[in-house]
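To start, the structure itself, in C-alpha cells.
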Amino acid sequence: MAFEKLWSLSGRRRSRLIVAIDEANALEDVSSTLSKVEESAAGVKFGFPALLTLGPDRMRSVMQEWKERFYFLADYKVADIPHICGVILEQLKGLGFDGATVHVFQRGIEGLDVFEAPELVAVLAMSHRSPALDEGFEANLAYAKAARISGAVVGASKWRFIESAKRSGLVIFSPGVGAQGSELGSALQKGADFEIVGRSIILSQDVRSAAEKAAEAHRRTLNL
Ligand code: O7M
C-alpha cells in the first residue's frame with residue numbers, strides 16, 4: 001500500500017498533520033522541535049532550508065534517530081532530466097527520507113531507472129498563484145497517474161483541484177494552511193488527506209500547543 005508508514009503513524013496519532021520545518025531557529029535545535037510536534041504530527045517535511053542549515057550528515061542522523069516516530073517527506077520538487085532525477089531520489093532515500101516531491105510538468109518520471117527511491121508525491125497545484133501549473137493540471141494529473149505516482153501536492157485553496165485529484169485516487173498533501181491564509185481543516189474537508197503546516201506552528205510562541213491545536217482541528221473536521 002502506498003504511504004503505509006504515513007497512514008500507520010497517522011492512525012496511531014489520530015493526525016493528518018505534516019509539519020514543515022523551514023525556520024532557522026527551529027532547525028538549529030531540530031530535536032527539540034521534533035519532540036514538541038511528536039504527539040500531534042504524523043510527518044515532517046524538510047526542504048532546502050533544512051538541508052542548507054543542517055547539512056546532509058546531520059539530516060541523516062536526525063532522520064535515523066526519529067524514523068520510527070515520523071514520516072519524513074523530502075521537499076525538493078525535483079524536476080530534472082530522468083537520469084538526474086533518479087540520482088537525486090536515490091540520494092534522498094539514502095539520507096532516510098520516506099517520500100519526496102517531484103514536478104511532473106517536465107515529464108520523464110515514468111522512465112526513472114532507480115534502485116531505491118522514496119515514495120513520490122507530484123506537485124500538481126501550488127498554494128500561491130501559479131497559472132502555468134494550474135492550466136496544465138488535468139494533463140499533469142493524468143500523467144502522474146500513468147507514471148504510477150501515488151501522491152499529489154495540491155494547494156489548500158484550490159478546492160476544484162483537490163476534488164479532482166481525490167477522484168483519481170491520489171493521496172493528497174495540501175499546504176497553504178495558516179500563514180498563507182487557508183483555515184485549518186479546510187483542505188481536509190474538500191478531500192485532502194494531509195495538511196502541510198509550517199509557520200503557524202513553527203513560529204508560534206508555544207510550538208507544542210500550536211501543533212496540538214492543528215491536530216485537534218483535523219480530528220474535529222474528520223471525526224478521527
Ligand atoms: O505553512 P507555511 O506557509 O509556513 O509553509 C508551507 C510549506 O509548504 C512550505 O514548506 C512550502 O515549501 C510548502 N509548500 C507550499 O507552501 N506551497 C506549495 O504549493 C507546495 C508546498 C510544498 O510543501 O510542496 C511539497
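Each reported figure results from applying straightforward, stated rules to the coordinates on display, with no laboratory input. Bear in mind that the values here come from a model prediction, so they are computed numbers and not experimental data. Glycine also receives a Cβ, built like all others from the backbone with ideal geometry; neighbour counts cover every protein chain displayed.
For the reader, a short list of remarks on this structure follows.
- Residue match in the stretch 132-155 (condition: within 15 Å of the ligand (Cβ to nearest atom), more than 24 Å from Gln106 (Cβ to Cβ), in contact with a helix residue (DSSP H, G or I) (Cβ under 9 Å, 6 or more places away or on another chain) and not polar (S, T, N, Q)): no
- Residue count for the stretch 169-189, restricted to those that are free of Cβ contacts under 8 Å to residues at least 40 places away in the same chain and surrounded by fewer than 19 Cβ atoms within 10 Å (Cβ to Cβ): 5
- Flag if Ala192 is within 13 Å of the ligand (Cβ to nearest atom) and within 18 Å of Asn223 (Cβ to Cβ): yes
- Of all the listed residues (Leu89, Leu95, Leu73), the sole one being within 13 Å of the ligand (Cβ to nearest atom) and crowded, with 18+ Cβ neighbours inside 10 Å is Leu73.
- Among (1) touching a residue at least 60 places away in the same chain (Cβ under 8 Å); (2) touching a Cys at 6+ places or on another chain (Cβ under 9 Å) - the single one Gly99 does not satisfy: (2)
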